[in-house]
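So the structure is just underneath, and the comments pick up after that.
Coordinate-derived values only; no laboratory data. Just so we're clear, the structure is a prediction, and the values are computed from it rather than from any experiment. Note: ideal-geometry Cβ built from the backbone for every residue, glycine included; neighbour counts use all protein chains shown.
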Amino acid sequence: DAKTTQPPSMDCAEGRAANLPCNHSTISGNEYVYWYRQIHSQGPQYIIHGLKNNETNEMASLIITEDRKSSTLILPHATLRDTAVYYCIVRVAKNYGQNFVFGPGTRLSVLP
Amino acid sequence: NAGVTQTPKFQVLKTGQSMTLQCAQDMNHEYMSWYRQDPGMGLRLIHYSVGAGITDQGEVPNGYNVSRSTTEDFPLRLLSAAPSQTSVYFCASSYFRTSHPLQKTQYFGPGTRLLVL
């Protein structure tokens, strides 16, 4: 699985969009980008995933660059409850092994 | 569905004691795994299983044993606890025999906080 690089921390004002970047310059063609978050030492929670097209769900949007070497998770209207550590993970969705590698992630602080 | 459940929530052990952390899921997931998370760090994979009777080591398996006798349960055993095993332990599960990337997303339990003195 390709390695990812994320900033260690970010701040965002409540009600504004939070844009969390992730670099994955060694990503291969069949690797997906997954985003999880962990709120205050709870178990990580799935947010969204994508391959090459931009994706949106009820929680967030995922923008993947055309060369797929980086992506951005967008929380359109951040709330205080979005304060968490956000993990960007790149892996192949193949039919064995689920060994997600969680790096240190980005600690997002949503400020009132 | 209860999802992924873990017991106990908290545990204090003395060095050398043994214990078993319990994990259960009711989603009929084939894949189950154990992670540990140390303060300020990401999660590290300890052991995983792709089905009953099948287990394998992850990144940090030393000092831990696992077994998978049923689809639902995946206990983690500490044979002789050491202070270095003080951590928060998370169990996770997902479907396995599928190529659909969404079905491979993992569901995590609430965690067990372990302190070894």
Output the antiparallel fraction of DSSP beta bridges having both residues in the protein assembly as shown, as a percent to the nearest 5. 85
Total lysine pairs whose alpha carbons fall under 29 Å of each other in the protein assembly as shown (8 or more apart, or interchain): 11
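Just want the ordering: B:64, B:35, from fewest to most Cβ atoms lying within 10 Å of their own Cβ.
Details: B:64 19, B:35 28.
Ordered by Cβ neighbours within 10 Å, fewest first: B:64, B:35.
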Name the most mobile residue of A:61, A:70, A:28, meaning the one with the largest mean-square fluctuation, in a Gaussian network model of chain A with Cα contacts below 10 Å. A:28
Charge-dipole axis of the protein assembly as shown as Lys and Arg at +1 and Asp and Glu at -1 on Cβ define it, positive-most pick from B:27, A:7, B:95: A:7
Unit charges at the beta carbon, dipole of chain B: most positive-side option, B:65, B:7, B:84: B:84
Selected from B:83, B:61, B:39 as most flexible by GNM, with chain B as the system and alpha-carbon contacts under 10 Å: B:39
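So how strong a dipole does the protein assembly as shown carry about its Cα centre when Lys and Arg Cβ are +1 and Asp and Glu Cβ are -1, to the nearest 20 debye?
Numbers: 19 positive and 16 negative charges, 73 e Å.
Here the protein assembly as shown has a charge dipole of around 360 debye.
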Formal net charge of residues neighbouring residue B:57 (Cβ-Cβ distance under 15 Å; K, R +1; D, E -1): +2
Top mean-square fluctuation among A:30, A:54, A:19, Gaussian network model of chain A, C-alpha springs under 10 Å? A:30
Taking the Cα centre of region A:1-95 as the origin and placing charges on Cβ (Lys, Arg +1; Asp, Glu -1), which of A:20, A:61, A:90 is farthest toward the positive end of the dipole? A:90
Counting only DSSP beta bridges with both residues in chain A, tell me the antiparallel percent, nearest 5. 85
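Considering only chain B, what is the antiparallel percent among its DSSP beta bridges, to the nearest 5? Before the final figure, lay out each step's value.
Values: 32 of 36 bridges.
Restricted to chain B, the bridges split so that about 90 percent are antiparallel.
Other chains' Cβ within 10 Å of A:40-48 residues: what's the mean? Display every interim value, and only then the final one.
Details: counts 0, 7, 6, 16, 10, 4, 6, 1, 2.
Mean partner shielding for this stretch: 6.
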Spit out the partnerless Cys residues in the protein assembly as shown, using Cβ distances under 4.7 Å as the pairing rule. A:12
Inter-part distance where region B:5-52 and region A:30-73 are each reduced to a Cα centre, Å: 25
Only Lys, Arg (+1) and Asp, Glu (-1) charged, at Cβ; chain A dipole about Cα centre in debye: 220
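Which shape class, rounded, prolate or oblate, goes with chain A when its Cα gyration tensor gives a ≥ b ≥ c as root eigenvalues, a/c under 1.5 marks rounded, and past that a/b bigger than b/c marks prolate? Kindly include the intermediate steps, with their values, before the conclusion.
Values: a/c = 1.89, a/b = 1.54, b/c = 1.23.
Note, shape of chain A comes out prolate.
Explain nothing, just the number: dipole magnitude of chain B about its Cα centre with +1 on each Lys and Arg Cβ and -1 on each Asp and Glu Cβ, in debye rounded to the nearest 20. Working shown, then result.
On the way: 9 positive and 7 negative charges, 47 e Å.
In total the dipole reaches around 220 debye.
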Fewest to most Cβ atoms within 10 Å: B:116, B:66 sort as B:116, B:66
